[in-house]
Amino acid sequence: MNVMTLPASSPTLKAKGLEIVLSDGLPHYFNYYWLRDNCPTSFSSATRERSFDIFHLDAAPLATAAEIVGDALEITWVGEDHVTRFPLGWLEQYKSVGPRLDPADKARMPWFGDHYPDVPRFSQPDLVRDPAIRAQWIEALLVEGFAIVTDMPDSDEGLTQTATLLGHIRPTFFGHYFDVRTHINPTNTAYTAAALELHTDTPAEEHAPGVQFLHCRANTVQGGYSLYSDGVAVANDFKKLDPEGFKLLSEISIPFYCEHDDYDMRSRQTVIELDQHGEVSGLTISQHMLDFLDLDQALLDDYYPAFCRFGKMLQDKKYMMTFLMKAGECMVFDNHRIVHGRAAYVAESGDRYLRGTYVDRAEMRSTYRALVAEGRFKA
Ligand SMILES: [Fe+2]
């Protein structure tokens, strides 16, 4: 008996869907609603959105016939003068359950305290000029969470221009940007000359901003070293050292706050953030914005030691990069992954001026996909 070349057999019609043998030689089941809803004619090439409205079908979609014609599956439907034609290669993408391939879903590369010479660096004019270099920059941010942009214009517009290469500016309760220099009446520890412990920014927001830009416009003071640690590297090691502590910090949310005369922002966040794969994707941590822990006092017997152990690890030289920012550089980093801080400096010893802003992580991923992928609905 001859073995037929696959796919050969006609699809088998069932009550609520059909079964078709695909290139792996195995039968795969597709639901009729799904097939009708995702018919290629359901989408507009102009808007790239679904123009078909399945809610307007009078009855559940049901195939009257389905056959393989050339390299496509053709389905005719009960009660509709409509033929759906799926290229088999297209169906192959959906034969197994799971989210569709995401080019922005990159494996993260943890880094350690000796990383500074290897930090990816990109010249600002190159980023503006060349989309391919822009894609490399975003890829570095997705994989390592930290990059330095050099040759920044010495202007407010230069920062806005750089940030909008990644996505729309994301305002916070500080507004569309913030200035870090010593203030006479500081509203934030960052606006003093004191040391600033390692933290992620604005954890009291329901969704803290995803990517931070810190544009160094001047830095001639004594001290003021920048401190950065990779939360992924630390949390992955913490998981091995203290699995119970890791569970507490990744599963129990704790309160953060930011309070002044005309705002009172509050949120609950887990210190360690996990992604859809269960991998560590980031942190939310800030001693200066941590509210009174309101967990059961007996639970605090376990929580606080784990929290402190983790906080000490963040500051360990094994993980912490220490360097001086130079005027004309812009630090760009994942605010949910990279903790940042600053050593104290002598306010009168010179000038120190940083201007910062944010873009959300989803905006960054969206820009990356648009730069590196073709998209599905182009005419
Ligand atoms: Fe900060």
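The values are calculated or read from the model by the stated rules, or taken from the named source; none is laboratory data. None of these values were measured; they are calculated from a predicted model. Virtual Cβ from ideal backbone geometry, glycine too; neighbours counted across all protein chains shown.
Output the residue which, of all residues in the range 242-264 that are over 17 Å from HIS199 (Cα atoms) and touching a residue at least 24 places away in the same chain (Cβ under 8 Å), is farthest from the chain's Cα centre (by Cα). The extreme case among them is HIS260. A search for C-beta distances below 7 Å between a residue of the range 355-366 that is part of a helix (DSSP H, G or I) and any residue that is away from the ligand (no atom under 16 Å from the Cβ) and β-branched (Val, Ile, Thr), counting only pairs 6+ apart in sequence or on different chains, returns MET364/ILE138. Applying the selection to the range 266-294, what residues are surrounded by 16 or more Cβ atoms within 10 Å (Cβ to Cβ) and hydrophobic (A, V, I, L, M, F, W, C)? Once the filter is applied, which keeps residues that are surrounded by 16 or more Cβ atoms within 10 Å (Cβ to Cβ) and hydrophobic (A, V, I, L, M, F, W, C), the range 266-294 yields VAL271, ILE272, VAL280, LEU283, ILE285, MET289, LEU290.
In the range 130-145, is there at least one residue being under 24 Å from TYR345 (Cβ atoms) and either not assigned by TED's automatic domain parsing to the domain that holds ARG352 or not in a helix (DSSP H, G or I) (or both)? Among the residues of the range 130-145, not one is under 24 Å from TYR345 (Cβ atoms) and either not assigned by TED's automatic domain parsing to the domain that holds ARG352 or not in a helix (DSSP H, G or I) (or both), which makes the answer no.
Which one is surrounded by the fewest Cβ atoms within 10 Å (Cβ to Cβ), of the residues in the range 54-77 that are free of Cβ contacts under 8 Å to residues at least 24 places away in the same chain and closer than 25 Å to VAL97 by Cβ? Step by step, filter the range 54-77, then rank; the result is PHE55.
Based on this model, can you work out whether GLU206 counts as within 25 Å of the chain's Cα centre (by Cα), farther than 19 Å from ASP302 by Cα, at pLDDT below 95 and within 16 Å of the ligand (Cβ to nearest atom)? Quick ask: steps written out before the conclusion?
Working: within 25 Å of the chain's Cα centre (by Cα): yes; farther than 19 Å from ASP302 by Cα: yes; at pLDDT below 95: yes; within 16 Å of the ligand (Cβ to nearest atom): no.
No.
Taking PHE246, is it assigned to a strand (DSSP E or B) and either outside the structural domain of MET313 (by TED's automatic domain parsing) or among the hydrophobic types (A, V, I, L, M, F, W, C) (or both)? When the stated conditions are applied, PHE246 does not pass them.
Taken together, ALA107, ALA65, ALA46 contain a single residue that is farther than 30 Å from SER366 by Cβ, outside the structural domain of LYS318 (by TED's automatic domain parsing) and either modelled with pLDDT of 95 or more or not polar (S, T, N, Q) (or both), which is ALA65. Would you confirm, using the coordinates I've provided, whether THR164 is surrounded by fewer than 19 Cβ atoms within 10 Å (Cβ to Cβ) and assigned by TED's automatic domain parsing to the domain that holds MET321? Taking the combined requirement at face value, the residue satisfies it. The single condition from (1) modelled with pLDDT of 95 or more; (2) of a type outside the set (S, T, N, Q); (3) out of contact with any Pro (no Cβ under 9 Å at 6 or more places or on another chain) that GLY375 fails is (1).
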